[in-house]
Every structure is written in structure tokens, then in C-alpha cells.
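Peer 1: One structure is given below, represented as C-alpha cells, and several questions about it will come after.
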There are 2 protein chains.
Amino acid sequence: MGEEKKNATIYDVAAAVGVSLATVSRVVNGSENVRPATRDKVLSAIKELGYRPNAVARGLASKKTTTVGVVMPDMTNLFYSELTRGIDDVANMYQYDVLLTNTDDDPKRALTAVRNLADKQIDGLLFMGSQLSDEVLAAIQATDVPVVLAGSVNHGRVLPSVNIDYKKAFAEVTDNFLQAGKKRLALVLGSDDRAIDQDYRRAGYEKALAEGGIALDEGLIFAGARSYQDGQNLAEAIEKAGAEAVIAYDDEVALGVLNGLQDMGKKVPDEIEIVSANNTTFTMVARPEISSIDQPKYDIGAVAMRLLTKLMDKESLDEEQVVLPYTMVKRQSTK
Amino acid sequence: MGEEKKNATIYDVAAAVGVSLATVSRVVNGSENVRPATRDKVLSAIKELGYRPNAVARGLASKKTTTVGVVMPDMTNLFYSELTRGIDDVANMYQYDVLLTNTDDDPKRALTAVRNLADKQIDGLLFMGSQLSDEVLAAIQATDVPVVLAGSVNHGRVLPSVNIDYKKAFAEVTDNFLQAGKKRLALVLGSDDRAIDQDYRRAGYEKALAEGGIALDEGLIFAGARSYQDGQNLAEAIEKAGAEAVIAYDDEVALGVLNGLQDMGKKVPDEIEIVSANNTTFTMVARPEISSIDQPKYDIGAVAMRLLTKLMDKESLDEEQVVLPYTMVKRQSTK
DNA sequence: CTGAAAGCGCTAACAC
DNA sequence: GTGTTAGCGCTTTCAG
């Protein structure tokens, strides 16, 4: 109390052993060029003094912080938190720490986040979000820091990314319903302007519809649903639109729709079927359980981080755009 | 490409304007002591050169990193991610960045996390977990870094913390059932050795039982349930134990029990009632919806971080052990 | 109001 | 093998 307990520095260790800073630095960094005897002396001095290298000083001198920035929309969203779990585990495996920032999927916040992270001299950046704005892209490129997108699309494929084939997955889901004779398929999206919603999910849906010879009915497309509540509120409109099945981009939203529909007396899957797209715990806790596209969330994050470690090591990537396989999980909400 | 785009340094700015480093530093840090005219010149030079202070260098020189460490069990657990959301928002508000580490609630991992974070010279630490081991406590105290516990108990109250009164809440829930004439109350816990489970949740349960003159039946206490699956697997045993109601410490677990019970034909709440303790989205998506103790999760995190900012500013705390109010949310799983 | 100078704790050539 | 010497980019006295 009151005693400023100044941490031992590399200098203290050097003095204690009677060697130079350089030698201590060498043993700390595992350099070969140290005589075993001196190494041992240094090591025990380190232990005695409780010396721990100051990562900040190290970062300044070496220009590597062993820290990666992670930009995500919302950590309370299971989809993103599972991606991030994969990111975090691999980051730790490679000895990186994670500087995490929530953006609420807001490009403005993403922009400040990226800049701020860059100021902290992160060695790499992992970006997640339904959209990568031009400003953010520019900010990222201005930093010279390697980036990988996880579960997020980028037009022009200018940045490395790890995803599933969203368009194909949505086309497949849509087509499955078509094959089963359903024609009025509601599509629930998070936005009416984000690339992932429009150019991938909706595009897949439209593609399948077109191939199935079914005319697109805008009245069956519902954009802007972000939460369980939103889903629940949408139930009535979906019912009114005469949908025979609904395809929802998010599990919580899907569950909201499901419960909303059931609360108003609709039978699922007998009168209306539902499929969601993230296969989080929410799909399993629902009654009936919700059929879903299963994205390998943890793996997307893990692979993305692995790519980033390669980039940070100046290695080249075998493929910049990694597309992981998805599967369809059949549960009780579909027949 | 190839051109090493060296970021402008404070030195470049100084040279461009024709002033000293000190002056640039002053305007960057908003010091009063700069003539408006020079300030403007410096500011425009900064803009032109796109100068951004290197936070690492700053951290080394000032011994402040404006970074806080957050140690949490699992970001895919809604309880913790909502706490962390509160932490993150307040941290941003006060211009701190968050270095996040998952521990899986493992004391060993918590220990390395704390040490590692300390090496990075964090200005403060936010700790979450069902347990604060002696080693971790020692490691924290060895660092001299201010700490606040969020949603986590510490015996002896040696560290500042923000919580609800878990014991009281569990006693209240238990007593409510007792008042309603229920006598066989199952208690589902996460562990049989962690303080928060034993000294708070179980203690509250036992207290109410004792006051109600009901003998404790160890056969009604189920420890070690961590997931939805665990809850589901527990349903049969709970039913066999003849429970009239169940009190679960976690929402996902509670939902597992609920679905397990219903899947085996039990009527909730008619034949058996259920109450959970975190009031996350899982309680609302259940059918029937689950009654729950509502902890102000976001606020616990937010208040904890606010306390930490005070500590980091060397301010004293009005109260070190903050106890936030909880409420009981009555839904359909209880009568 | 502004500049000079001394570090912060460590890495990284470069000598010996 | 080990030591010397420069910095990394910035803050912070201390002068003036």
C-alpha cells in the first residue's frame, strides 16, 4: 500500500545477472545464441525478480503488438458470438490477444472502430458485419493492416473472407419448398439495402423462384427484422400475405415468427412451414424445433483467424475467398 | 504496393509546422497552453499529413494504455455477453478499448488471462466468472491494476463488485413456491463447489426452506448443469424426484428442463412449475414463457465499468460492493 | 506559450 | 556468445 511496486525491467534482470540487456532479451525471446549456463542464470533471475516483459515497450520496439482487432456488430447475437468464439480460440492458439469492438452493424461506428484499432497498432483485423462500407474499406486499406472478413461479404472480393455460399444456400432452401409444391414463400431479411441480404440471400431466393417458374411477389418479402420481437410482429403480416412457408435469415427472428404464428393459432408445420439460417441454440429450443441452414459458425471464425495469422506472418494464402460447406438441418418446422 | 507507407509521426508534424514535438503533443492532448494561431497551424498540418498518434508509443511514455482487460467465461452465453455489452458501451463512452478473454470459467485459464493482460499494461480489469480462485486473486493483486468484479462474487469482499443479492433472490423464489403450498422444490445449479452456487444460490434456497420449516432433501438438488442439453437430460431425474417446481440458475438450462419435461408429457405449469434466474431472451421464446428473476445484466456490466473508470482515475468509490435491485418476472411457467 | 532533453522498456543491428 | 548503441513515437519535466 503506497509503496510503488515498480515491476522489474529487463534492465534489472541484466544487472542482477551481470549481463547486458541484449542477453536477457535473447533468452526471453528464445534465441539460440546464448550459452546454456548464462541462460540458466538469466532464467532464474527472471523468476526471482518476477520479471515479465512489458508488451507495450515490446510493441513499440518491434512494431508488433501480438494483438488483433475484432470488429463485430453485436456480441449478444449468438451468430456473431459463436463466430467470435472461433476467432478467439484460434487467436489464443497463436498467442494473439483480441481487442473487441461492437458496432451495432453501424458503418459509422465501424469506421471509428477501425481507426481506433489501427491507432493501437493491431497486427491484424477481423471484420464482421452485414455490410462493408466504402469508407470502412478505405480506412482499412489506409492502415496497411492485414484483414480478413468472417461471415461477411465484400463486393469485388477485394478482401480475403470466409463464408458459406449464401446465395446457393438460400436458393436451395427456396427450391426445396418449391419441389414440395409450395409456391408462396415468405422471405424475411434483416435489411433492404445490405449486400448480404440483397445480393446473396434475396438473390438466391429469386434465382430459385425464377428457375421454378414462379413470379416474384414483393408482398412476400419482409425486410428490416432484427430481433425476436420483430419476428413476432411480422407473423400477422406473413399470415395475411398468404405464405405457405417462411425463410428467415436469422434464428431469433425465425423463432419470433414461429411463436407469433402459433400464438395466433396457426399450425406449424401443417399450415405453414419455417426454415431459418444460422442454426444457433434458438432453433433447438423452439417447439416445434426449427429446420435450419447450418453454417459452421465456429469454423468460419476459426478459419478466418487462421488466415489472418498467415497474412500477419507475410505468408500467401492458397485461396483468398474461402467458402465453407453448409448443411441443411431438418427438424420439425418443415415437412 | 511495396511502398512502405510510413505513417506520419509527431515529429513530421512538428517539422512541417516548424514547432517542437512538445507543442504538437500539447495540441494533440488538448493542452490549454498553446497560442490559438499555432494550434491552428498544427491542427491543419495534422490533417494534411493524416497524422494519428501511435497509441503504443503513447502507452509506453505515459504509462496509460486506455485499454481495459475483460475476463469472461464464455461469450456465447447470453448472460455474460449482455453483461459485457454493458461493459463495452461504458468503456467506449470513456474512451477505453476492451481486450477480451474467454476462460470457459476455468481458473487456470483465468490465471493466464490475467497475467497476459497485465503484460499488456491494461489500465484496469473487469472480471466475470462463477469463481475467483486464490491464485487469480493473487495474480490480480500482484499487478496493481484496479479491478471490479461483475456479476461475480468474492468472499471476504476484498475486491469491488457489482451484483444483485443472489441469496435473497433465491430465497425469495423459494419462499414464493412455499407460500403457494409447494414443498418439493428442485434446485438446479451449475456446480457443486463454486461460491456463487453454494454460498449464495443454494444458501438462499436453504434459508427459505428452513424458515418455511421444510426439511432439505439433497435428492432435489441438481448440480453441474451447464447447457440446454444438460437441462434436458435432467428432466427425467427431476420428475422422478417428485419435484413440484424447479428453480434453475440459468435460462438455457431452465429451458432444457422445461422442454424435457414437456416432451415427456408433463404439463407446465399445471403439474410442475419452473423459474429461472437470468431473464435472457431464452425465457421469452419458450412456450410456455418462463418466469424468471430479472437481473439487470446490462446495468451490472455498465455500473461495474463505471466503477472501474473511477478507480483508474484514482477516485474513491462511494461503495465498493454495489448491489443492484432484481425483480421477479412472472410469466406462464408459474401460477 | 514554447522548446530541449530525458526517458518509457524493449528490440535489433552491428561490433567484438 | 555477448555487449553496445541506436532508436521505436510519444509524454513530461524543466527552462526560458
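The values are calculated or read from the model by the stated rules, or taken from the named source; none is laboratory data. Fair warning: this is a prediction, and the values are worked out from it, not measured in the lab. Neighbour counts run over all protein chains shown; Cβ positions are idealised from the backbone, glycine included. We work out accessible area using only protein heavy atoms, side chains counted, and drop any ligands, DNA or RNA first. Shrake-Rupley method; radii C 1.70, N 1.55, O 1.52, S 1.80 Å.
Peer 1: Quick test for you: out of B:86, B:69, B:18, pick the one residue that is away from DNA strand D (no atom under 15 Å from the Cβ) and away from chain A (no Cβ under 13 Å).
Peer 2: Among B:86, B:69, B:18, only B:18 is away from DNA strand D (no atom under 15 Å from the Cβ) and away from chain A (no Cβ under 13 Å).
Peer 1: Only one residue in A:318, A:299 is among the acidic types (Asp, Glu) and either modelled with pLDDT of 95 or more or under 27 Å from residue B:75 (Cα atoms) (or both). Which one?
Peer 2: Answer to the check: A:299.
Peer 1: Report whether or not residue B:144 is at the interface with another protein chain (Cβ under 9 Å from one of its Cβ atoms), at pLDDT 95 or above, open to solvent by 10 Å² or more (accessible area, probe 1.4 Å) and more than 16 Å from DNA strand D (Cβ to nearest atom).
Peer 2: Criteria not met by residue B:144.
Peer 1: What are the pairs, 6+ residues apart or on separate chains, where a residue within the range A:15-34 that is closer than 11 Å to residue A:46 by Cα has its Cβ under 7 Å from a residue that is within 6 Å of DNA strand D (Cβ to nearest atom)?
Peer 2: Here the result reads A:27/A:34, each pair linking the range A:15-34 to a residue that is within 6 Å of DNA strand D (Cβ to nearest atom).
Peer 1: Run residue A:103 past the list (1) touching a Gly at 6+ places or on another chain (Cβ under 7 Å); (2) within 16 Å of DNA strand C (Cβ to nearest atom); (3) of a type in the set (Val, Ile, Thr) and report the number of the one that doesn't hold.
Peer 2: Of (1) touching a Gly at 6+ places or on another chain (Cβ under 7 Å); (2) within 16 Å of DNA strand C (Cβ to nearest atom); (3) of a type in the set (Val, Ile, Thr), only one is false for residue A:103: (2).
Peer 1: Here's a follow-up. Specify which of the listed residues (B:153, B:136, B:158, B:162) is in contact with a strand residue (DSSP E or B) (Cβ under 6 Å, 6 or more places away or on another chain) and of a type in the set (Val, Ile, Thr).
Peer 2: From the options B:153, B:136, B:158, B:162, the qualifying one is B:162.
Here is a yes/no grid of residues against (1) open to solvent by 70 Å² or more (accessible area, probe 1.4 Å); (2) assigned to a loop (DSSP other than H, G, I, E, B):
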position: A:258; (1), (2): no, no
position: A:265; (1), (2): no, yes
position: A:279; (1), (2): no, yes
position: A:282; (1), (2): no, no
position: A:287; (1), (2): no, yes
position: A:293; (1), (2): no, no
position: A:306; (1), (2): yes, no
position: A:334; (1), (2): no, yes
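Peer 1: If you take the residues in the range B:45-64 that are open to solvent by 60 Å² or more (accessible area, probe 1.4 Å) and more than 9 Å from DNA strand C (Cβ to nearest atom), which one is farthest from residue A:112 (Cα to Cα)? Spell out how you get there, then give the answer.
Peer 2: Step one: filter the range B:45-64 for residues open to solvent by 60 Å² or more (accessible area, probe 1.4 Å), giving B:47-49, B:52, B:58, B:60-64.
Subset that is more than 9 Å from DNA strand C (Cβ to nearest atom): B:47-49, B:52, B:64.
Numbers: B:47: 16, B:48: 19, B:49: 18, B:52: 13, B:64: 21 Å.
Ranking the qualifying residues of the range B:45-64, first place goes to B:64.
Peer 1: Kindly provide the set of residues from the range A:68-88 that are open to solvent by 10 Å² or more (accessible area, probe 1.4 Å) and either assigned by TED's automatic domain parsing to the domain that holds residue A:225 or closer than 21 Å to residue A:310 by Cα (or both), ordered by number.
Peer 2: The answer is A:85, and nothing else.
Peer 1: Given the criterion within 10 Å of chain B (Cβ to nearest Cβ) and over 20 Å from residue A:28 (Cβ atoms), identify the matching residue among A:137, A:60, A:111, A:78.
Peer 2: A:78
Peer 1: For the range B:201-219, enumerate the residues that are hydrophobic (A, V, I, L, M, F, W, C) and surrounded by fewer than 21 Cβ atoms within 10 Å (Cβ to Cβ). Spell out the reasoning first.
Peer 2: Looking only at the range B:201-219, we keep the residues that are hydrophobic (A, V, I, L, M, F, W, C), and these are B:203, B:208-210, B:214-216.
Answer for the range B:201-219, where residues must be hydrophobic (A, V, I, L, M, F, W, C) and surrounded by fewer than 21 Cβ atoms within 10 Å (Cβ to Cβ): B:203, B:210, B:214, B:215, B:216.
Peer 1: Sticking with this one: So, residue B:237, is that one open to solvent by 40 Å² or more (accessible area, probe 1.4 Å), at pLDDT 95 or above, of a type in the set (A, V, I, L, M, F, W, C) and more than 22 Å from the chain's Cα centre (by Cα) or not?
Peer 2: Values: open to solvent by 40 Å² or more (accessible area, probe 1.4 Å): yes; at pLDDT 95 or above: yes; of a type in the set (A, V, I, L, M, F, W, C): yes; more than 22 Å from the chain's Cα centre (by Cα): yes.
For residue B:237, the condition - open to solvent by 40 Å² or more (accessible area, probe 1.4 Å), at pLDDT 95 or above, of a type in the set (A, V, I, L, M, F, W, C) and more than 22 Å from the chain's Cα centre (by Cα) - is met.
Peer 1: Quick one: which residue in B:199, B:251, B:175 is more than 25 Å from residue B:74 (Cβ to Cβ) and among the acidic types (Asp, Glu)?
Peer 2: B:175
Peer 1: Looking at this structure, is residue B:40 within 12 Å of DNA strand C (Cβ to nearest atom), under 44 Å from the mean Cα position of the chain (by Cα) and away from chain A (no Cβ under 13 Å)?
Peer 2: yes
Peer 1: For the range A:243-253, name all the residues that are open to solvent by less than 30 Å² (accessible area, probe 1.4 Å) and over 20 Å from the mean Cα position of the chain (by Cα).
Peer 2: Selection gives A:243, A:245, A:246, A:247.
Peer 1: Here's another thing I want to ask about it. Please work out if residue B:100 is surrounded by 24 or more Cβ atoms within 10 Å (Cβ to Cβ), more than 10 Å from chain A (Cβ to nearest Cβ), within 12 Å of the chain's Cα centre (by Cα) and of a type outside the set (Phe, Trp, Tyr). Spell out how you get there, then give the answer.
Peer 2: Numbers: surrounded by 24 or more Cβ atoms within 10 Å (Cβ to Cβ): yes; more than 10 Å from chain A (Cβ to nearest Cβ): no; within 12 Å of the chain's Cα centre (by Cα): yes; of a type outside the set (Phe, Trp, Tyr): yes.
Considered against the rule, which asks whether it is surrounded by 24 or more Cβ atoms within 10 Å (Cβ to Cβ), more than 10 Å from chain A (Cβ to nearest Cβ), within 12 Å of the chain's Cα centre (by Cα) and of a type outside the set (Phe, Trp, Tyr), residue B:100 comes out as no.
Peer 1: Another question, then. With the condition kept exactly as written, say whether any residue in the range B:7-14 is open to solvent by 60 Å² or more (accessible area, probe 1.4 Å), away from chain A (no Cβ under 12 Å), of a type in the set (A, V, I, L, M, F, W, C) and without any contact (Cβ under 8 Å) to a residue 40 or more places away in the chain.
Peer 2: Within the range B:7-14, not a single residue is open to solvent by 60 Å² or more (accessible area, probe 1.4 Å), away from chain A (no Cβ under 12 Å), of a type in the set (A, V, I, L, M, F, W, C) and without any contact (Cβ under 8 Å) to a residue 40 or more places away in the chain.
Peer 1: Follow-up. For residue A:193, which of the numbered conditions (1) under 29 Å from residue A:104 (Cβ atoms); (2) at pLDDT 95 or above fails to hold?
Peer 2: (2)
Peer 1: Another question, then. Can you tell me which residues in the range B:217-248 are touching a strand residue (DSSP E or B) at 6+ places or on another chain (Cβ under 6 Å) and either part of a helix (DSSP H, G or I) or more than 14 Å from chain A (Cβ to nearest Cβ) (or both)?
Peer 2: Residues satisfying the conditions are B:220, B:221, B:222, B:225, B:234, B:238, B:243, B:245, B:246, B:247.
Peer 1: Considering every residue within the range B:23-30, establish whether at least one is open to solvent by 60 Å² or more (accessible area, probe 1.4 Å) and either out of contact with any Pro (no Cβ under 6 Å at 6 or more places or on another chain) or among the β-branched types (Val, Ile, Thr) (or both).
Peer 2: Residues of the range B:23-30 open to solvent by 60 Å² or more (accessible area, probe 1.4 Å): B:26, B:29.
Then drop every residue that is not either out of contact with any Pro (no Cβ under 6 Å at 6 or more places or on another chain) or among the β-branched types (Val, Ile, Thr) (or both), which leaves B:26, B:29.
Within the range B:23-30, one or more residues are open to solvent by 60 Å² or more (accessible area, probe 1.4 Å) and either out of contact with any Pro (no Cβ under 6 Å at 6 or more places or on another chain) or among the β-branched types (Val, Ile, Thr) (or both).
Peer 1: Which of the residues spanning the range B:8-25 are on the phi < 0 side of the Ramachandran plot, within 11 Å of DNA strand C (Cβ to nearest atom) and not in a helix (DSSP H, G or I)?
Peer 2: Within the range B:8-25, B:19, B:20 meet the criteria.
Peer 1: Does residue A:91 satisfy being among the small types (Gly, Ala, Ser), in the same structural domain as residue A:150 (by TED's automatic domain parsing) and buried (at least 18 other Cβ atoms within 10 Å of the Cβ)?
Peer 2: The answer is yes for residue A:91.
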